[in-house]
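Here's the structure we're looking at; comments come further down.
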Amino acid sequence: MNGGLQLRNNEQVQHNRLDKFQEDAIIAHNKFRGKHHAAPLKWSAGLAEGARQWATALLEKGNLKHSNQPFVGENIWIGKNQKISGTRVTHSWYNEIDSYDFDAPGFNTKTRNFTQIVWRETTSIGVAKVCSPEGVSVVVARYYPAANVLGKFEENVLKPTDAPRNIVPVLAQPPETAKEDLQKELLMAHNRYRKKHGVPLLQWSSELTEGAKLWAEEVGRRREVRSFGSPEYGENIIVVDGQNIPGGVATDLWYDEIKNYSFMEPELNNKTGHFTQVVWASTRFVGAAKITTSDGRCIVIARYFPPGNIHEDLKKNVKPIRSQSQTDLPGHNQDVFTHGPIPKDIKDQLTTRDSNEQENLKSRKKHDRKTTCSLQ
C-alpha cells in the first residue's frame, strides 16, 4: 500500500506465526503499556506485512522516512546491527520517556515513539525487521489506531506505575472461524459471478483485507457510511442495521445491481457501481472484512486491486453473461442470489448513496471507484 499495492500470487497465505524478533517486540510493548495502564496490544499480520514492505523500501533508499499511512501509527529504527532484538529496539523507543513532560502533555518529535508505544487507544501492532548484506537493519512497527493525536495526549499517555497492571500475553491471533467463513463465502460468490461473465477469477489478498478491516472500524467509529477514497483500489461497502450479513449475501446484493445495467448502452452510475466492480475483468485481487458495532450495525467492506469502475475502460471490462442473451440476464427477470432468498426486510432496506456521483461523472467522465450500500 506504500506507493502502490505490491500484490503477489501467494499473498492470500496468512502469516500468523511470529518470529523471535516479533515475539520479543510485542512482549516488550505490552510490558511497558502495562506500566502506563494501557491494555495489551493484539498482533496484526496485515500490519506486520505492511511494516515489512516499508522496511524493505527504506533499506533500498537508505534513509529514515515515515510512510504517513492514514490512521496507522509507525515507529522506525535503523542501525548497523543485524542481531538487534525486538526487546532492545522497543526499549530504545520507550527511552524517549525521559524527554516527555507529563505535566504538559503534547506532541514532540523527540518523544513520538514513546507515546505511540503507550497510547491507550491503540489496539493492534505489527512489526518487521529487514537486514541488508552489509549488516544494516531496518525495523518498522505499525500500530492501529494511530497515536499522537493532538488534544488527546492527557487521556492516552498516563504516568507510569511501578508494577504493570496488565497481563502481557503474546497474541498471534490465528484466523478466526468467522474470518475464514467471510473469505470463503465472499470469494466463492465473487468468482461464481465472474465465471458467468467469462472474466478471470479473483485471488484473496491479506493486505487488502487488513486495509478493509481498518476502514470498517473507522466507519463504525465515525457512524458515517463513506468510502476511503484511495485511487489505488476499488471498494464496495454495505451496512446492515440490527442483523448479521454473510459475505456471500453481501456479494449477492452488490451483484443484484445488474438489473439496473444496460449492456447495450453501458454507463457507470451510482445504481450499478457495486455490480461493475464485482465483475470488472482487469481486477485480480480482493480482500474483505466484517465488523459489528456496539450499536448493532454490521459493516462489510471489500477492496479490489486493480480498481474497477474506470469510465474509459467500462465496455471491455464489464462483459455480458456468456451463453445467454441480454434479455435473459439474471437480475432482469429472475433472482440472481446464490445463497438462498434474501430476507425481504434486508432487500427493502437497500439504498444507494450517490454522493453527487452523477455530477462528478459529468465533470471528470470517470466514476468514483468506491461504491456504498446502506441497509437501514
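Can you compute the charge dipole magnitude of segment 31-91 about its Cα centre, using +1 on each Lys and Arg Cβ and -1 on each Asp and Glu Cβ, nothing else charged? Give it in debye, rounded to the nearest 20.
320 debye
In nm, what is the difference between 0.36 nm times the number of residues separating K259 and S92 and their Cα-Cα distance?
In short, 54.2 nm is gained.
Output wanted: per-residue J couplings in Hz (rounded whole) for segment 121-128, from phi through Karplus 6.51 cos²θ - 1.76 cosθ + 1.60, θ = phi - 60°, x for Gly and Pro.
The phi angles translate into 7, 6, 10, 10, 9, x, 10, 8 Hz.
Arrange the peptides 260-267, 24-31 so that the one whose residues have, on average, the most other Cβ atoms within 10 Å appears first. Please report the intermediate quantities before stating the final value.
Numbers: 260-267: 12.6, 24-31: 22.6.
Highest-to-lowest ranking by the protection proxy: 24-31, 260-267.
A 18 angstrom limit on the alpha carbon distance is what I want to check against. Which of K196/K315; K65/K159; K31/K65 exceed it? Could the numbers behind the result be given before it?
Numbers: K196/K315 16 Å; K65/K159 29 Å; K31/K65 27 Å.
Check vs 18 Å cut-off fails for K65/K159; K31/K65.
Read-outs throughout are calculated quantities, based only on the coordinates presented, and are distinct from any laboratory measurement. This structure is a prediction, so every number in the text was calculated from the model and none was measured. Cβ atoms come from the backbone with ideal geometry, glycine included; neighbour counts cover every protein chain shown.
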